[in-house]
Amino acid sequence: MTKLTQRVAMALCALLFATGLAAAQSKPKVSIAVGGAGCLCYLPTVLAKQLGEYDKAGVEVELINFKGGSQALQAVIGGSADVVSGYYDHCVNLAAKGQSLVAFVVYDRFPGMVLAVSPESKDIKSIKDLAGKAVGVSAPGSSTDFFLKYLLAKNGLDPASASVVGIGLDATAVAAMEHGKVNAAVMLDPAATLLQNKFKDLKTLSDTRTQKDTLDVFGGEYPGGSLYTRADWIAKNEATVQKLTNAILGTLKWIHSHSPEEIMAKMPEDLVGPDKALYLAALKNTMPMYSTTGRMDPKGAQAVLAVFSQSVPEIAKANIDLSKTYTNRFVEAGAKGM
């Protein structure tokens, strides 16, 4: 072999090695559909990106913002996004329709939903008064809609007795309530706190931002926000799912070791908005709902099924295997590595 041939061979080997190394170091790309990034219920998903936790875990994440959880869900079912950052109850609802969606890390241990009455609707004193009224939800078919139907059924009403109106989760929801476009609405923070600050006598019919209120409504803890996706996607991308889980676990750990002020400082300016005092107040109201472990409590999953079984007849008849709607194995593996 001539010296020139040797040099060419060595150069080729070096190129192949560098290419292989670059491939090994390249991060998997994942798109996460968020059911309303401005909602504090989804804060851990956004904060993970702000803190660099996804990068640290070895995954490149694109967050795609939607007006509500049902739209984020459709993005994943339709294949335009990989993972949903949304409420676990969609996994139970879709299981009744034969679609397999699995939650793999839970970041909200309470749902954080507030059913409030519009300041313009003085005649509404209780949930029973909502029959025949227009009630705002983030989007029809979203978790806020399911929550409303459950409360109606629990109070002896037909779940369809109120007219559902999609009003989003942020400024649009506040405007709809403020101007009486809906008689009541299921809201989340920061919108709920904003409205409470504007109207000190705001009538609240149900509030699940704290453990006490959640227990009063559901009889137990009720998992809210989680990362979930199709079971077949998890099967093909287990290493990536583990990385996403590790990123959320790292973020939850950071949340519980920092003050609301420090958390707010890390969030994007456009999500915090111009009124920082309001955002901070809303964040303080929301802090109790963030999970400390990322685990799904089997009793919580059972509570979700019980809620849906009361208000959605198809789910009551479906004989759902809850163990197929969530998994804790990625959380357990991630906890060992922390």
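The values are calculated or read from the model by the stated rules, or taken from the named source; none is laboratory data. Just so you know, these numbers come straight off a predicted model, no measurement behind them. With ideal geometry, Cβ positions are generated from the backbone for all residues, glycine too; neighbour counts draw on all protein chains shown. Accessible surface is based on the protein model in full, side chains and every heavy atom, while ligands, DNA and RNA are left aside. Shrake-Rupley method; radii C 1.70, N 1.55, O 1.52, S 1.80 Å.
Remarks
- Candidates 103, 48: the one that is touching a residue at least 60 places away in the same chain (Cβ under 8 Å), outside any helix (DSSP H, G or I) and touching a strand residue (DSSP E or B) at 6+ places or on another chain (Cβ under 9 Å) is 103.
- Of all residues making up the stretch 156-172, the number that are within 13 Å of residue 67 (Cα to Cα), among the hydroxyl-bearing types (Ser, Thr, Tyr) and touching a Leu at 6+ places or on another chain (Cβ under 8 Å): 0
- Within the stretch 273-301, the residues that satisfy the criterion of being out of contact with any helix residue (DSSP H, G or I) (no Cβ under 6 Å at 6 or more places or on another chain), without any contact (Cβ under 8 Å) to a residue 24 or more places away in the chain and assigned to a helix (DSSP H, G or I) are 276, 277.
- Conditions (1) in contact with a strand residue (DSSP E or B) (Cβ under 9 Å, 6 or more places away or on another chain); (2) at pLDDT 95 or above; number of the one not met by residue 300: (2)
- Within the stretch 302-327, if we keep just the residues that are of a type in the set (A, V, I, L, M, F, W, C) and not in a helix (DSSP H, G or I), the residue that is farthest from the chain's Cα centre (by Cα) turns out to be 318.
- Taken over the stretch 219-255, the residue count meeting the criterion of being of a type in the set (Asp, Glu) and over 17 Å from residue 328 (Cβ atoms) is 1.
Let's see how each residue does on (1) of a type outside the set (A, V, I, L, M); (2) at pLDDT 95 or above; (3) open to solvent by less than 40 Å² (accessible area, probe 1.4 Å):
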site	(1), (2), (3)
267	no, yes, yes
273	yes, no, yes
308	yes, no, yes
319	yes, no, no
334	yes, yes, yes
337	yes, no, no
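- Taking the criterion of being without any contact (Cβ under 8 Å) to a residue 40 or more places away in the chain and open to solvent by less than 60 Å² (accessible area, probe 1.4 Å), no residue of the stretch 244-257 qualifies.
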